[in-house]
Amino acid sequence: MKKILLTFIILVQTALWANSDPLYEIRGDSALLDANLTRFLHQWREETTCPIAEGNYTNIYLHGDTTQGKKIALTFDDSPDENNTGKVLDILKHYDVKASFFMIAAPMLDVNATITKRVADEGHLVLNHSFNHPHFTHISDEEIAQEIQSSSERIATITGHYPLLFRPPYGSVNQRVVDTLNAQGCKSILWSLDSLDWAMKDKNAIIENIMTHVQPGDIILMHSSRANNATVEALGEIIEKLRNQGYQFQRVDEMLGIKAYR
Ligand SMILES: [Zn+2]
């Protein structure tokens, strides 16, 4: 009986340890979020990170090496947008920071195609964030393949680079989605620190959230589309504060030591 009890305690402790391992955590919080959104967010984080911690999802990344000094990667989702994407590029150029853009292919026409090319020409990564931004858990394997291929082909036509790295819209993944992405030769990049700029349109709250939670090796989720004026307002200060703390900025391919393009 004693032995069974001891085994049970060890099992529970191992499970608790696995869930609190900082390598498999997604951080980022704010008092500005309401209780429902916070609960939803924490549930999504647990459902997403547990299969990664347990080794069930492959070719999916949350963060870089946490032991190689103060390196971080800024990532921007949902471009191109004719207003804010250009402003984000201007700020990154001013501070000489290279970043990674997970972009949606459907809007890449006319002026937005020009902005997409500018992202690549200025030394940032133009990566795949799908063609139409659907929840991948809600569409078929064939539709996933179509979303990935049509998006990467349009990016390649505009920039000359066919991306191999993908960020699932809404971070929406399950075992079937991960397996289908792997079959497409795609590696998935999630994030370890959520700026929460999509939820709180408040410059100071975004800055405070990032500076409170940042750790070496972080992949930081931000956005650079129409709705993200607060991100544009916050970005310069975020870069300055992180630099003052000794952080260096890397693109995700450098940080993870993987190929961005075919
Ligand atoms: Zn998105």
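Every number here is computed from the coordinates shown, using simple stated rules; none is lab data. A quick note: this is a predicted structure, and the numbers were derived from the prediction, not measured. Cβ sites come from the backbone with ideal geometry, for glycine too, and all protein chains shown count toward neighbours.
Odds and ends about this structure:
- Calculated FRET efficiency for the pair residue 208/residue 93, C-beta based, R₀ 30 Å, to 0.05: 0.70
- Restricting segment 93-174 to GluC sites (Glu not before Pro) in coil, as DSSP defines it, with at most 16 other Cβ within 10 Å: 122
- Cα-derived Rg over Rh, computed across the chain with Rh taken as Kirkwood radius: 0.99
- The 3J(HN,Hα) values that the Karplus relation (6.51, -1.76, 1.60; θ = phi - 60°) gives for segment 228-238 are, in residue order, 10, 4, 5, 5, 4, 5, 8, 4, x, 5, 4 Hz. Gly and Pro appear as x.
- Remark: spin-label model distance residue 118-residue 83 equals 1.5 nm, labels positioned 7 Å along the Cα→Cβ axis.
- Unsatisfied cross-links (Cα-Cα over 19 Å) in the set 71/241; 98/259; 70/93; 70/201; 71/201: 70/93; 70/201; 71/201
- Considering only 223, 166, 190, and ranking their Cα positions along the charge dipole of segment 159-240 that arises from unit charges at the beta-carbon of Lys, Arg, Asp and Glu, the one farthest toward the positive end is 166.
- 3J(HN,Hα) along segment 210-226, derived from phi through the Karplus expression 6.51 cos²θ - 1.76 cosθ + 1.60 where θ = phi - 60°, amounts to 5, 5, 6, 10, 5, 9, x, x, 5, 9, 9, 8, 9, 9, 9, 10, 3 Hz, with x in place of Gly and Pro.
- Taking every DSSP beta bridge that has both ends in the chain, the antiparallel portion is near 10%.
- The Kirkwood radius of segment 123-175, taken over pairs of alpha-carbon atoms, gives through the Stokes-Einstein law at 25 °C and 0.890 mPa s a diffusion coefficient of 215 µm² s⁻¹.
- Highest-fluctuation residue, 81, 110, 65 considered, GNM on the chain with Cα pairs under 10 Å: 110
- Note on segment 94-156 and segment 182-239: Cα centroid distance 17 Å, given to the nearest whole angstrom.
- Approximate spin-label separation residue 172-residue 229, in nm, with each point projected 7 Å along Cα-to-Cβ: 2.8 nm
- Helix-derived mean residue ellipticity, 222 nm - over the chain, DSSP H n ≥ 4, -39500 (n - 2.57), to 500: -15000 deg cm²/dmol
- Charge dipole (debye, nearest 20) of segment 40-104; +1 at Cβ of Lys and Arg, -1 at Cβ of Asp and Glu: 320 debye
- Given charges at beta-carbon only (K, R positive; D, E negative), |dipole| of the chain in Debye: 560 debye
- Full-extension gain in nm, residue 157 to residue 36, via 0.36 nm per residue minus C-alpha separation: 39.3 nm
- Net length gained if the chain between residue 245 and residue 23 were fully extended (0.36 nm per residue, minus Cα distance): 77.8 nm
- Phi-based couplings in Hz for segment 145-153 (Karplus 6.51, -1.76, 1.60; Gly and Pro marked x): 4, 5, 4, 5, 5, 5, 5, 5, 5
- Highest-fluctuation residue, 158, 139, 52 considered, GNM on the chain with Cα pairs under 10 Å: 139
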